[in-house]
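Report on the following structure.
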Amino acid sequence: MRGSQEILSKTLKEVEDNGLQNHIEVTATFCSEKCDLGPTVALDNEIIHHAAFEDVKEHISTVIDSLEL
């Protein structure tokens, strides 16, 4: 789980702080037998292995820009 809980909690906070609950769905899953590649984050059609919160935050910023909030 190397950092997955931290990524999840920071992502949930970022989504809430930016009022994006209706635009971004955040869910947690297990590593699906690919734990050596984790933490893994799925963002739209992109899969990021060895993800960091900064990767997720960049995607959230893209969503914000596209919504022109």
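The mean accessible area for residues of the chain, using a 1.4 Å probe and ignoring ligands and nucleic acids, is 77 Å² per residue. Applying 1/(1 + (r/R0)^6) with R0 = 22 Å to the Cβ-Cβ distance of residue 6 and residue 61 gives a FRET efficiency near 0.70.
In a DSSP loop and with at most 10 other Cβ atoms within 10 Å, the GluC sites (Glu not before Pro) in the stretch 29-69 are 33, 68. Can you classify the chain as rounded, prolate or oblate using the Cα gyration tensor, where a ≥ b ≥ c are the square roots of its eigenvalues, rounded means a/c under 1.5, and otherwise it's prolate if a/b beats b/c and oblate if not? Here the chain falls in the prolate category. In this structure the amide hydrogen of residue 18, modeled in the peptide plane, comes within under 5 Å of no amide hydrogen from residues 5 or more places off or on another chain. Computed with a 1.4 Å probe over protein heavy atoms only, the accessible area of residue 10 comes to about 80 Å². Residue-wise HN-Hα couplings along the stretch 39-49, as the Karplus relation 6.51 cos²θ - 1.76 cosθ + 1.60 with θ = phi - 60° gives them from phi, are x, 10, 10, 9, 10, 6, 9, 10, 10, 10, 8 Hz; Gly and Pro carry x.
Here the Karplus curve 6.51 cos²θ - 1.76 cosθ + 1.60, taken at θ = phi - 60°, turns the phi angles of the stretch 60-66 into couplings of 4, 4, 5, 4, 4, 4, 6 Hz, with x standing for Gly and Pro. Rounded to the nearest percent, how much of the accessible area of the chain (1.4 Å probe, protein heavy atoms only) is carbon and sulfur? Carbon plus sulfur share of accessible area: 49 percent.
The values are calculated or read from the model by the stated rules, or taken from the named source; none is laboratory data. Quick caveat, the model's predicted, so the values are computed rather than measured. Positions of Cβ are backbone-derived with ideal geometry, glycine not excepted, and every protein chain shown enters the neighbour counts. Heavy atoms of the whole protein, side chains included, go into the accessibility calculation; ligands, DNA and RNA do not. Shrake-Rupley method; radii C 1.70, N 1.55, O 1.52, S 1.80 Å.
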